[in-house]
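Structure first, then comments.
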Amino acid sequence: MNRLGARGFPSVRSSVPMAEILTAWQEQYGSTYSVEVLGDYGIVTFEPEYIKTILATNFDNFEKGPRFRKMFRSVLGNGVFNADGDIWKFHRAMTRPFFVRDRVTDFDIFDRHADIAINKMIERLSEGEPIDFQDVMSRLTLDSATEFLFGSCVHSLAAPLPYAHNSPRTTNVTSLHINDRFAKAFAEAQAEVTLRSRLGDLWPLRDIFGDQTRDSMAIINEYIDPILQEAIENKKPKSKGGDAQAEKLEGPETLLSHLVQETDDIDIIRDEVINIMLAGRDTTASTLTFILYCLSQHPDILATLRHEILTKIGLNRPTFDDLKECKYLRAVINETLRLYPPVPFNVRTSINSVTLNAKDGGKPYYVPANCSVSYSVFIMHRRKDLWGPDALEYDPNRFLDERVHKVYLTPNPFIFLPFNAVKTNDILQGPRICLGQQFAYNETSFVLVRLLQAFDTITLDVDAQPSDSKPSPEWKGRPGVPRDEKIWMKAHLTLYAYKGLWLRMRLANQAIQS
């Protein structure tokens, strides 16, 4: 393979948008190229066929790899997202049975926490103040995830919401509410392991005087371990007879109570719940944040979506069947996942050497054994040669009209990968597909419906955005960046709006009265 001499993967803390850097490199070097940093050789690809090879057709030859596992072990342990081979198969087999349809379509948890979140938002908006919607969604999804896992939540929504930097009510005094401790520790642990991945092989130097995630993980384990220990001690013995199907449907109400039926090893259980909590909380919070951002920029799409919701569901609590009927709702979610995928970058390591097929008349790519292969669905989802000349435009109809069948997904389903795999003709392609995919779609849909039942206008409060979190005017129209982008995207393990998403929203009943 030709070593193209491209620079290494960019840090998203750069003052230049990551979308521009990677899109520019794609235009210069193609959709697959090699990189060499400090003698460390790797490959970067945005090519659907190659990503399909990594995730599906040659899955057994690509793993997270020892480097990734070591970087993330102090936070993720040997859980399902940080394991390979037989350990991964064990965790996957242990967890998967819990995510049956009856579990992920039980909306009671979503309803409770959505009500609390909306009431908190109404209270703050009634003061004439904007809300950091990203902060609220991070709390809501954390509370939902911990209740789903443990049967009780961390009550992060009980803590006061922040005020914007330009509010007279804001203060320089930083006092951490007790209900924020867990959330803050969780965020700091993620930020630290993300920094390790950016430092590459130099990351152990940062930990030379001690594990930088130790304090954060101590707070997390202080909350989790007593719950795990109690669950292990109180677990019900497995039935040795009777109706197995009835037991499956009735049986454990939480993921934790399911896991303790599989093992008494507290380390295995802890690793698994932390892994699932990370996925269940951050990806959904990211998706909801960017949906509301997009709706704030497209009032016509907001109006169309509200009309569908009010026509098909009204002001009732949505059911699973209701959500299935809301086709435009799913299209809005998918279009947001296309432009703002929660996990924008990922990496695998080749076990054995492999040759990737030639593309567009070029030469095949040789991937040596033990080679890092990074891929970005973020860039792939924005490629104009895959999604058309309007690839940077936010248009949910692209998932509803003939484009989806004749141009995009039906001919080439691997161009859309928000969940690490695809399903075609009910055949799963990609063993590492997100276990909670349907759970995430359901929570996102449910919360979005509840929000738009309550509010009819959404606007971005540009003045509330800290000045250093706004995109530079120089970014406008640059490669890979929508013309009117008004927020600065960054990423740790998941994509987020730098320094928050500050919104003003109007109650629907106020609109009716005006």
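Are there any pairs with C-beta distances below 8 angstrom linking a residue in the stretch 290-314 that is under 14 Å from Leu329 (Cβ atoms) to a residue that is in a helix (DSSP H, G or I) and of a type in the set (Phe, Trp, Tyr), with the two at least 6 apart or on different chains, and if so which? That search, which allows pairs on different chains as well, returns Leu292/Phe133; Thr304/Tyr328; Leu305/Tyr328; Glu308/Tyr328. Note on the stretch 455-474: among residues that are more than 13 Å from Asn166 (Cα to Cα) and either over 25 Å from the mean Cα position of the chain (by Cα) or among the hydroxyl-bearing types (Ser, Thr, Tyr) (or both), the one that is surrounded by the fewest Cβ atoms within 10 Å (Cβ to Cβ) is Pro473. The single residue among Val373, Val407 that is β-branched (Val, Ile, Thr) and at pLDDT 95 or above turns out to be Val373. I'd like the full set of residues that are among the β-branched types (Val, Ile, Thr) and part of a helix (DSSP H, G or I), limited to the stretch 94-133. Hits for the stretch 94-133 are Thr95, Val104, Ile109, Ile116, Ile118, Ile122. Consider the stretch 64-93 and keep the residues that are assigned to a helix (DSSP H, G or I) and among the small types (Gly, Ala, Ser). The one that is farthest from Gln261 (Cα to Cα) is Ser74. I'm trying to understand the selection: among the residues of the stretch 260-317, which are hydroxyl-bearing (Ser, Thr, Tyr), more than 17 Å from the chain's Cα centre (by Cα) and in a helix (DSSP H, G or I)? If the condition is that a residue be hydroxyl-bearing (Ser, Thr, Tyr), more than 17 Å from the chain's Cα centre (by Cα) and in a helix (DSSP H, G or I), then Ser296, Thr304, Thr311 are the ones that fit. From the list Leu305, Leu315, Leu323, the lone residue that is among the hydrophobic types (A, V, I, L, M, F, W, C), touching a helix residue (DSSP H, G or I) at 6+ places or on another chain (Cβ under 6 Å) and surrounded by fewer than 18 Cβ atoms within 10 Å (Cβ to Cβ) is Leu315. Within the stretch 163-179, the set of residues being surrounded by fewer than 17 Cβ atoms within 10 Å (Cβ to Cβ) and not polar (S, T, N, Q) comprises His165, Pro168, Arg169, Val173, Leu176, His177, Ile178. Kindly indicate the residue of the stretch 92-125 that is surrounded by 20 or more Cβ atoms within 10 Å (Cβ to Cβ) and touching an Asp or Glu at 6+ places or on another chain (Cβ under 7 Å) and also modelled with the lowest pLDDT among those meeting that condition. So the residue we want is Thr95. Of the residues making up the stretch 51-63, just one is within 17 Å of Pro344 (Cβ to Cβ) and out of contact with any Lys or Arg (no Cβ under 7 Å at 6 or more places or on another chain), namely Ile51.
The values are calculated or read from the model by the stated rules, or taken from the named source; none is laboratory data. From a predicted model like this one, the values you see are computed outputs, not experimental measurements. Cβ atoms come from the backbone with ideal geometry, glycine included; neighbour counts cover every protein chain shown.
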